[in-house]
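Participant: Just passing along the structure, written as structure tokens.
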Amino acid sequence: MHQATLWSRPWAVLARRHPSAFLLAAQLLSLLLYPSMDDTTSGRLLFGAVALVVVPLAVWVVNRSPSVRWVAWLLAIPAMLLTIIGVLFDHPGLLLFSASLEAALYFYAAGGLIAYMLHDHDVSADELFAAGATFTLLAWGFAYVYFVCQAWYPGSFAGMVEPERPRRWLELLFLSFTNLSATGSGDIMPVSSPARVLVMLEQFAGVGYIATVVSRLIGLTIIRLDRR
């Protein structure tokens, strides 16, 4: 029992000092699970399990930022419930609503982390983790928006492989990452007007995030090192 307490103590200290690191790690580790997800029941169950881990972590990080915590829970609780019910009872409509709520939650959490990173002129290690976590939150948020757009406007996205079928979740997430990072591989393309507008908004958000938040953190870090 004593050894277990000693083992858990460093993790508790790390969680208090670097909560953003846990969210970033969960987001990146979930990428390793997504290739196992498909349109089968087991794949959707795995997708729901990942959401149930990442969503509370997003709320936890918002609690550590200047954002109002009850708004995050107001989005997270129904999102998790709809995900559980939609997966267990194979109800795609509920998953669509949960995706909308999760997109809103991720954007809200990203806004909270941006406010956290901009609230002073000191750069902590957790703020550097927050910069990475914010990027993943924006990428996931837009991926959920693409998922909803595809459901409302069938045929919104086309790909080089089987261009007529709806894009899978991992494909939409890949599109989101390439747009947000401005790499743009081009193997998945927005076809409908709403999809193209969303892609342009994400491209603008990605450029703005790097130009304002990331560049500011880099500049403050360089200034701190020069002072030493």
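The values are calculated or read from the model by the stated rules, or taken from the named source; none is laboratory data. The model shown is predicted, which means the values in this text are computed figures rather than measured ones. We place every Cβ from the backbone using ideal geometry, glycine too, and count neighbours over all the protein chains shown.
Participant: Pairs under 6 Å by beta carbon, first residue over 13 Å from Pro56 (Cβ atoms) in the range 21-33, partner in a helix (DSSP H, G or I) and not β-branched (Val, Ile, Thr), six or more apart or different chains?
Facilitator: Ala21/Phe129; Leu24/Phe129; Leu24/Gly132; Leu24/Ala133
Participant: Of all residues in the range 49-83, how many are modelled with pLDDT of 80 or more and either farther than 23 Å from Phe22 by Cα or surrounded by fewer than 17 Cβ atoms within 10 Å (Cβ to Cβ) (or both)?
Facilitator: The number of residues fulfilling the criteria is 7.
Participant: Follow-up. For the range 85-95, does any single residue satisfy the condition of being aliphatic (A, V, I, L, M) and over 18 Å from Trp169 (Cα atoms)?
Facilitator: yes
Participant: Quick one: Glu171 ticks every box in (1) part of a loop (DSSP other than H, G, I, E, B); (2) among the charged types (D, E, K, R); (3) under 21 Å from the mean Cα position of the chain (by Cα) except a single one, so which number is it?
Facilitator: (1)
Participant: Something else now. Suppose we filter Glu102, Glu127 for residues that are touching a residue at least 12 places away in the same chain (Cβ under 8 Å) and either outside any helix (DSSP H, G or I) or closer than 20 Å to Leu172 by Cβ (or both); which single one remains?
Facilitator: Of Glu102, Glu127, the one residue that is touching a residue at least 12 places away in the same chain (Cβ under 8 Å) and either outside any helix (DSSP H, G or I) or closer than 20 Å to Leu172 by Cβ (or both) is Glu102.
Participant: Now a separate question. Is there a residue being modelled with pLDDT of 90 or more, farther than 20 Å from Ala133 by Cβ and in contact with a helix residue (DSSP H, G or I) (Cβ under 9 Å, 6 or more places away or on another chain) anywhere in the range 201-223?
Facilitator: So far as the range 201-223 goes, yes, one or more of its residues are modelled with pLDDT of 90 or more, farther than 20 Å from Ala133 by Cβ and in contact with a helix residue (DSSP H, G or I) (Cβ under 9 Å, 6 or more places away or on another chain).
Participant: Cβ-Cβ distance below 6 Å, separation of 6 or more or different chains: which pairs start in the range 186-203 with a residue that is touching a residue at least 24 places away in the same chain (Cβ under 8 Å) and part of a loop (DSSP other than H, G, I, E, B) and end on one that is of a type in the set (Phe, Trp, Tyr) and surrounded by fewer than 19 Cβ atoms within 10 Å (Cβ to Cβ)?
Facilitator: That search, which allows pairs on different chains as well, returns Ser192/Tyr153.
Participant: Can you spot a residue in the range 142-161 that is at pLDDT 90 or above, surrounded by fewer than 19 Cβ atoms within 10 Å (Cβ to Cβ), assigned to a helix (DSSP H, G or I) and of a type in the set (Phe, Trp, Tyr)?
Facilitator: Within the range 142-161 (the criterion being at pLDDT 90 or above, surrounded by fewer than 19 Cβ atoms within 10 Å (Cβ to Cβ), assigned to a helix (DSSP H, G or I) and of a type in the set (Phe, Trp, Tyr)), the answer is yes, since at least one residue qualifies.
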